[in-house]
Amino acid sequence: MVTLTRLQKLAKEHGTPLFVIDHDALRKNYRAFRRHLPRVQVYYAVKANPDPAIVRTLYLEGSSFDVASMPEFMIVHENIKDLPAKQRQDWIWDKIIYANPTKATETLEQLNQYKPLVTFDNLEEIRKIKRHAPNAGLALRLQVPNTGAMVELSSKFGASPGEAVDLILEADKAGLVVEGISFHVGSQTTNFANYVQALSLTAGVFKEAKDRGYTKMNLVDIGGGFPAPYDATVKPFRELARVVKGELDRLFPPEIQILAEPGRFLVATAGIVVAKVIGKAVRDGKTCYYIDDGVYHTYSGVIFDHCKYPIRAFKKGPTSLCSVFGPTCDALDVVSMAENLPDLARDEFVYSINIGAYSHASSTYFNGFPPAKVVHVNQ
Ligand SMILES: Cc1ncc(COP(=O)(O)O)c(C=O)c1O
């Protein structure tokens with residue numbers, strides 16, 4: 001837990017905007033996931049926050065990793081590059097999944113030497129993998145309901161349940177091995193029924209594959225989507241875990257390996273941003289604060305992640321409804337049109353908690369403003 005006094009001290013020492021990553025929170029989230037779902041191997045989805053120090057801390061905790069590009073793969077690989085070749089290869093096979101269903105041929109060519117597990121969801125991808133990464137193992141990405149998820153993924157990814165086994169048999173015919181099924185119920189899924197339906201659809205595909213003679217599948221990858229506790233409406237993780245665990249044990253015998261790819265759940269609560277008021281105006285009677293971080297930077301999740309991050313002041317006092325804008329010259333750079341804040345002066349700090357996922361990761365240099373400086377605490 002980073003105290004408010006420490007946050008302000010860090011902001012004074014390093015300047016703003018400042019993105020603080022609390023490694024105690026990372027470890028706590030990882031251990032909570034493992035404790036509540038002990039059967040599930042945790043593959044941290046690096047895209048949520050690819051900071052190498054985050055990957056390092058989770059690596060030391062024993063985490064596995066979901067990567068979706070070669071640069072992400074290499075961030076993870078950095079931790080194992082000095083292992084003897086055989087051990088390194090075993091580690092990659094056991095602990096990395098390349099979970100981007102569509103891969104450029106150049107990427108497949110680079111990946112092939114590592115003999116990784118990769119996802120796919122269409123015929124064209126089977127042909128590409130066969131030609132450019134024949135050493136890869138495969139997991140079929142299944143399209144599943146993303147109902148009510150904050151970030152919907154099912155319109156872009158996943159083979160429909162009706163075509164799943166045809167694709168598995170096509171891959172088999174091409175001499176590739178489909179190790180299992182993966183899915184994603186949509187990011188920040190608070191609707192637990194999505195997991196129940198996805199697992200039921202997956203069990204159906206397993207059964208149909210077996211009935212049609214394909215018996216090589218031995219893993220189920222339940223993806224990400226596990227919600228961060230952004231507000232009191234999000235039910236505790238242990239309740240979701242109880243539902244998921246029940247369905248896993250009911251539908252899949254113990255020899256089936258279960259993987260998950262949590263991103264947000266592991267890093268959201270580990271990130272805090274501190275920004276500074278750089279300007280103030282009154283428009284139509286409403287106070288507008290201009291701060292030195294915005295939607296092109298750490299608050300990029302407002303746009304890309306459909307996420308809200310309440311802005312808090314360090315000082316107490318009567319509040320009024322305000323707008324908070326980012327520093328760039330674009331009118332899109334609106335952090336919030338409705339925040340209740342006390343009267344703030346220029347140079348005073350504000351902060352947002354639970355901003356560790358899909359925030360700094362999608363920060364830009366737009367308008368010449370660089371991403372926030374990163375500071376690691378409790379490393
Ligand atoms: C394939 C895949 N796995 C895992 C994740 C991480 O999801 P989340 O952050 O919701 O846990 C994503 C996010 O988009 C994804 O696309």
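The values are calculated or read from the model by the stated rules, or taken from the named source; none is laboratory data. Everything numeric in this text was worked out from a predicted model, so none of it was measured. With ideal geometry, Cβ positions are generated from the backbone for all residues, glycine too; neighbour counts draw on all protein chains shown.
Tally the residues that are β-branched (Val, Ile, Thr) and away from the ligand (no atom under 15 Å from the Cβ), restricting the search to the stretch 111-126.
Qualifying residue count for the region: 1.
Please enumerate the residues belonging to the stretch 193-227 that are outside any loop (DSSP other than H, G, I, E, B) and touching a Gly at 6+ places or on another chain (Cβ under 7 Å).
Result: ASN194, LEU219, VAL220, ASP221.
Pairs under 6 Å by beta carbon, first residue in the same structural domain as LEU138 (by TED's automatic domain parsing) in the stretch 158-171, partner in a helix (DSSP H, G or I), six or more apart or different chains?
Cβ pairs passing all conditions: ALA159/LEU167; PRO161/LEU201; ALA164/VAL205; VAL165/GLU208; VAL165/ALA209; ILE168/ALA209; GLU170/ILE126; ALA171/ILE126.
Looking at THR190 and the list (1) within 13 Å of the ligand (Cβ to nearest atom); (2) of a type in the set (Val, Ile, Thr); (3) not in a loop (DSSP other than H, G, I, E, B), which single condition is not satisfied?
Unmet for THR190, out of (1) within 13 Å of the ligand (Cβ to nearest atom); (2) of a type in the set (Val, Ile, Thr); (3) not in a loop (DSSP other than H, G, I, E, B): (3).
Residues that are within 15 Å of the ligand (Cβ to nearest atom) and closer than 26 Å to PHE369 by Cβ: which helices (runs of 4 or more DSSP H) entirely in the stretch 228-309 hold 2 or more of them?
It comes to 264-267, 301-304.
Would a scan of the stretch 24-44 turn up a residue that is farther than 21 Å from MET1 by Cα, part of a loop (DSSP other than H, G, I, E, B) and under 17 Å from the mean Cα position of the chain (by Cα)?
Scanning the stretch 24-44, I find no residue that is farther than 21 Å from MET1 by Cα, part of a loop (DSSP other than H, G, I, E, B) and under 17 Å from the mean Cα position of the chain (by Cα), so the answer is no.
Kindly indicate whether any position in the stretch 337-357 is within 27 Å of the chain's Cα centre (by Cα) and either of a type in the set (S, T, N, Q) or assigned by TED's automatic domain parsing to the domain that holds ASN29 (or both).
Yes.
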